[in-house]
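Q: Dumping the structure here so I can ask a few things about it.
The values are calculated or read from the model by the stated rules, or taken from the named source; none is laboratory data. Given the structure is predicted, the values throughout are model-derived calculations rather than measurements. Neighbour counts run over all protein chains shown; Cβ positions are idealised from the backbone, glycine included. The area values use the complete protein model at the heavy-atom level, side chains included, leaving out ligands, DNA and RNA. Shrake-Rupley method; radii C 1.70, N 1.55, O 1.52, S 1.80 Å.
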Amino acid sequence: STKYKEEADAALSLLAKERQQRKEFVDKLSIEYKANLKKRQLQHSQALLKKAAKLKELQSLVNEMVTLRNEMATKDKSKNKSVRIAARSKEAAQHLATIRHDRMIELKSQCDELQEELVDKQHTTFYLEEKITDLEEVIHNVASTDETFKPFIFKKQYTKFPNSNRGNMQWKPQVDKLCIEMLANRTPPRCIQANIVAMAHTICPNMKIVEELPSLKHIRHLGTVLSQLTRTLAAKRLGDAKEWKQLHTDETGRRQINITNVVVGILNKDKKLQTICLTGSIIADDGTADVQSRAIIESFFESGEFLNRWRETTKEMHANHPDLDSMLDEIPSADALCPTKMLGGMISGDNCPAAMKTRNNLADHIVELGKEKGYTGDKLQIYTGNCHQHVRNVWVGAVCKMMNRKLTQLLKHDLAVIPSHLRVKCDILNIERCIDKAFNGTANYKKGDGDRFMDAMRKKHPGTFLMPVVRVLGGNRQDAQFEAALPAYYNRPKYVEFLHDDLCTTENILLTNLFIILESVEMIAQLRIGSIFFMAIVVPTRWLAANTHKLSHRNWGERSMGKVIDILYRTMLEIAQDGTKGMDEEYIMNIFSPIEEELPEFKAYLEWYFEEKVSNLIDTSSKEDRVLGIDLAKAETFFPRRSENRQSTEMCVTLWEDVSRCLCIEFTNTRKATAEQLSAILGCKSWSVISEEEKEACLGMRANNDPAEQNFAVFSDALEMGGRIDIETAAGKGQTRYNHDFNRNHQQLVTGRKSKKKTNDDDECPGIGLFHELRPELQDSLVVTGKRHAETTRNNFAKALCRQRAARAEKAK
């Protein structure tokens, strides 16, 4: 350590010596230029004086010559000399006058040259003076640059406690902000210290700018600060918004803990719907609708308290700042977070009975708050909306259960013969999970054969198209059962070929299971029905549910999804009477043609998906070799070339009739969300029942609960990456990623991308995060606010967990 200290002292002394030498050189340069300037000015002045004296002497000589000529003329007039003397005198005088005249012209020419030279010398003097001024400015800039570009040093500084003369050593705000931003960008806490050192040595390789580093405990505690910071920024966004359009909420379970989030849709500067996650970590006492709705209402008032804390800290830290009033004006008041701003908007969520009741209770609470504030009449209106992604999943789940029951009953004698250890079932999801395990190269299943299967296909069938296997092992999304049915149906011949070759030499329960299932005509029929259902119903309704909020200019809103349900209900009634219509491509693939005429964007998407979407072959990714994959799969589905696929047509007709009857029952079940928007039974939200005012009010609203689901997705990612990270910190990381609080628009700096074309993601993602749009004083006060109340926040979260555990234990008694 002594050696390193000596080397550091030597380096510092060398740096000081270099700075002193540079300053001496600059001073010497300035002195030399000033001395030279004075010397040159003196020389020019002396030369000008000499030339002026010479000019005066010449002028005197000229005057004498003029006087002499005048005297001679006078003498010639006064004296009457002889002609010869006069002539001689005249000639002499004329000759002398000529000589002197020439001399005078020569002297005048020299005088003009001297005057021009004098002007040039004056210009040179002015130029030198300007040059000296520029050099003095350069010297000043060099001196100021030395201080401006002085690097930031990572070390603690002494900070006084508020309203006290005491203090302690604390990290500079820049260090805390850097650590918080790295946490927001998914950097593990253990990596932050090493990353700071790496960046410092890369950016300033010849300088030691890291003298101290924050401890791992301090960095982890900043996770709680990040959670408060992102909730405060979300409160600011919502407080600044004049109108709240839509509220999304959902509940999930992590580590045996029930968590609720709140996402609010507002109109941004471009008048587009933008979603802001207010909080992603509500811990309600229990899962009842009343408690959940009250917890959501309380989250708005809690966020308003965050704004008050921020305001008080800003007053305290910048009490003498000249722009304090303008800074405080940038922080909304707590009243701006009143839930009554949702009046006239919509509350959306899941479609299970508990979630629907929570939405209704939440709407009632908001209306009560509006009455307390004096609102009356139409101003107390608030709407509730369904998630049509979940609605569709409920349909698919019911159809899959029905087909499983029907085929299990139909094949019960065959299933009884098959050994039970092979685990053969008629459930379509079971088939697709087995395919995912066996043939998906990304399934990460130890006993899978995805890589070996693809290698065999490249050798035996080069240039062949195979549809990618849909992942069904990582989630529970019901419509994935029919999405995975299309590649399973189309790739089935290649699967069977591989299974046959492999089972001739080895024994494998999974592969034997698949071979038995994929050779069954009934199972082929089930996959074929799922493929048609996916292309004819899932693809269109998925697009409509995802893009309804972007179609207000077409007078298409959330309530317009009732027209989709009406079309499907009429279609299912017809197919229930004649199952062959379900196998008629012209009929089943055009059931939404009225909506296509109403929505050109919808029509363009379907044309692209079924007629223009291209796919790679198994052994090449060249653009020239790509094929219309969906079009090929659709052709084999409706007009099969393989005999076993054609043999399944009769079973498909029967299944279609059963599927249609199942969906008709599902649509008319008043306990489920679909019935609310079905005109045939006069549902309360159906297109034929609702008023024109309600239709117009629901324009621009989302027809799904994707924002709440997406927030839980980033929360789950933070939870998985964090290992033993606590729930609150993971929720804070997920929320700040969802809201893009720390975004620096780094995507615009990325080079080497294949295409510079602007994508939809670029439109939805803001350029600069709200934290970086704040002035530095507000950034510092926000971080300090989070640090001051971090322990209180952790304690409150722990108390909420204890209350939930106690309620769960009481319920279990």
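Q: Condition first: at pLDDT 90 or above and within 29 Å of residue 179 (Cα to Cα). Now tell me which residues in the stretch 248-273 satisfy that.
A: If the condition is that a residue be at pLDDT 90 or above and within 29 Å of residue 179 (Cα to Cα), then 259, 260, 261, 262, 263, 264 are the ones that fit.
Q: Which of the following residues is under 23 Å from residue 546 (Cβ atoms), of a type outside the set (Lys, Arg) and open to solvent by less than 40 Å² (accessible area, probe 1.4 Å): 260, 275?
A: Sole residue among the options that is under 23 Å from residue 546 (Cβ atoms), of a type outside the set (Lys, Arg) and open to solvent by less than 40 Å² (accessible area, probe 1.4 Å): 275.
Q: Name the residues in the stretch 168-198 that are more than 26 Å from residue 738 (Cβ to Cβ), assigned to a helix (DSSP H, G or I) and either touching a helix residue (DSSP H, G or I) at 6+ places or on another chain (Cβ under 6 Å) or open to solvent by 60 Å² or more (accessible area, probe 1.4 Å) (or both), would you?
A: 194
Q: Tell me which of these residue 332 doesn't satisfy, since it passes every other one: (1) open to solvent by less than 40 Å² (accessible area, probe 1.4 Å); (2) touching a residue at least 60 places away in the same chain (Cβ under 8 Å); (3) not in a loop (DSSP other than H, G, I, E, B).
A: (3)
Q: Which condition breaks for residue 256 when tested against (1) out of contact with any helix residue (DSSP H, G or I) (no Cβ under 7 Å at 6 or more places or on another chain); (2) under 28 Å from residue 309 (Cβ atoms)?
A: With respect to (1) out of contact with any helix residue (DSSP H, G or I) (no Cβ under 7 Å at 6 or more places or on another chain); (2) under 28 Å from residue 309 (Cβ atoms), residue 256 is out only on (2).
Q: So residue 341 fits all but one of (1) open to solvent by 20 Å² or more (accessible area, probe 1.4 Å); (2) outside any helix (DSSP H, G or I); (3) farther than 20 Å from residue 557 by Cα; what number is the exception?
A: The single condition residue 341 does not satisfy is (2).
Q: Does any residue of the stretch 705-720 turn out to be outside any helix (DSSP H, G or I) and at pLDDT 85 or above?
A: Yes; the residues of the stretch 705-720 include at least one that is outside any helix (DSSP H, G or I) and at pLDDT 85 or above.
Q: Continuing with this model, one more query. Pairs needed: first member in the stretch 723-738, closer than 13 Å to residue 225 by Cα; second member anywhere, among the charged types (D, E, K, R) and open to solvent by 30 Å² or more (accessible area, probe 1.4 Å); C-beta distance under 8 Å; at least 6 residues apart or different chains.
A: Going by the 8 Å Cβ cut-off, the qualifying pairs are 728/794; 729/220; 733/186.
Q: Of (1) in a helix (DSSP H, G or I); (2) modelled with pLDDT under 80, residue 159 satisfies all except one. Which?
A: (1)
Q: Oh, and also: Does residue 236 satisfy the criteria of being at pLDDT 90 or above and open to solvent by 10 Å² or more (accessible area, probe 1.4 Å)?
A: Details: at pLDDT 90 or above: yes; open to solvent by 10 Å² or more (accessible area, probe 1.4 Å): yes.
It is true that residue 236 is at pLDDT 90 or above and open to solvent by 10 Å² or more (accessible area, probe 1.4 Å).
Q: Can you name the residue in the stretch 308-329 that is within 19 Å of residue 773 (Cβ to Cβ) and outside any helix (DSSP H, G or I) and, of all such residues, is least open to solvent (accessible area, probe 1.4 Å)?
A: In this case the residue turns out to be 318.
Q: Quickly run through the stretch 774-793 and pick out the residues that are crowded, with 18+ Cβ neighbours inside 10 Å and not in a helix (DSSP H, G or I).
A: Residues satisfying the conditions are 774, 789.
Q: Right, residue 245: at pLDDT 90 or above and either on the phi > 0 side of the Ramachandran plot or not in a helix (DSSP H, G or I) (or both) or not? So that I can check it myself, show each step before the final result.
A: Numbers: at pLDDT 90 or above: yes; either on the phi > 0 side of the Ramachandran plot or not in a helix (DSSP H, G or I) (or both): yes.
Taking the combined requirement at face value, the residue satisfies it.
Q: May I ask you to say which residue of 573, 568 is part of a helix (DSSP H, G or I), buried (at least 21 other Cβ atoms within 10 Å of the Cβ) and more than 28 Å from the chain's Cα centre (by Cα)?
A: Checking each option against the conditions leaves just 568.
Q: For the stretch 278-307, give me the residue count where each residue is in a strand (DSSP E or B) and open to solvent by less than 10 Å² (accessible area, probe 1.4 Å).
A: Looking only at that region, the number is 3.
Q: In addition: Listed residues 630, 665; which is open to solvent by 70 Å² or more (accessible area, probe 1.4 Å) and under 24 Å from residue 567 (Cβ atoms)?
A: That would be 665, the only listed residue that is open to solvent by 70 Å² or more (accessible area, probe 1.4 Å) and under 24 Å from residue 567 (Cβ atoms).
Q: Just give me the residues in the stretch 578-601 being under 13 Å from residue 537 (Cα atoms), assigned to a loop (DSSP other than H, G, I, E, B) and open to solvent by 50 Å² or more (accessible area, probe 1.4 Å), in sequence order.
A: Scanning the stretch 578-601 gives a single hit, 590.
Table: residues versus (1) farther than 30 Å from residue 411 by Cβ; (2) surrounded by 24 or more Cβ atoms within 10 Å (Cβ to Cβ); (3) in contact with a Pro (Cβ under 7 Å, 6 or more places away or on another chain); (4) not basic (Lys, Arg).
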{"site": "512", "(1), (2), (3), (4)": "no, no, no, yes"}
{"site": "515", "(1), (2), (3), (4)": "no, no, no, yes"}
{"site": "529", "(1), (2), (3), (4)": "no, yes, no, yes"}
{"site": "541", "(1), (2), (3), (4)": "yes, no, no, yes"}
{"site": "547", "(1), (2), (3), (4)": "yes, no, no, yes"}
{"site": "556", "(1), (2), (3), (4)": "yes, yes, no, yes"}
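Q: Another question, if that's okay. Among the residues of the stretch 641-658, how many are touching a residue at least 40 places away in the same chain (Cβ under 8 Å) and either under 19 Å from residue 466 (Cα atoms) or open to solvent by 20 Å² or more (accessible area, probe 1.4 Å) (or both)?
A: Initial filter on the stretch 641-658 (touching a residue at least 40 places away in the same chain (Cβ under 8 Å)): 642, 644-645, 647-649, 651-658.
This time we only want the ones that are either under 19 Å from residue 466 (Cα atoms) or open to solvent by 20 Å² or more (accessible area, probe 1.4 Å) (or both), so: 642, 644-645, 647, 649, 651, 653-654, 657-658.
Here the count works out to 10.
Q: Same structure again: Taking the conditions exactly as written (basic (Lys, Arg) and over 36 Å from the mean Cα position of the chain (by Cα)), does residue 528 satisfy them or not?
A: When the stated conditions are applied, residue 528 passes them.
Q: Continuing with the same structure: At least 1 residues that are open to solvent by less than 30 Å² (accessible area, probe 1.4 Å) and within 19 Å of residue 532 (Cβ to Cβ) in each: list the helices (runs of 4 or more DSSP H) lying fully within the stretch 396-496 that qualify.
A: 428-439, 480-483
Q: Six or more apart or on different chains, Cβ atoms under 7 Å: show the pairs whose first residue is in the stretch 684-696 and farther than 13 Å from residue 561 by Cα and whose second is open to solvent by 80 Å² or more (accessible area, probe 1.4 Å).
A: 689/682
Q: Let me ask something additional. Starting from the stretch 196-213, keep only residues that are touching a residue at least 40 places away in the same chain (Cβ under 8 Å) and more than 13 Å from residue 178 (Cα to Cα), then list their pairs with residues that are assigned to a loop (DSSP other than H, G, I, E, B) and open to solvent by less than 90 Å² (accessible area, probe 1.4 Å) whose Cβ atoms are within a distance under 7 Å, requiring at least 6 positions of separation or different chains.
A: Final answer for the pair search is 204/151; 207/151; 209/151; 209/152; 209/153; 211/153; 211/155; 212/155.
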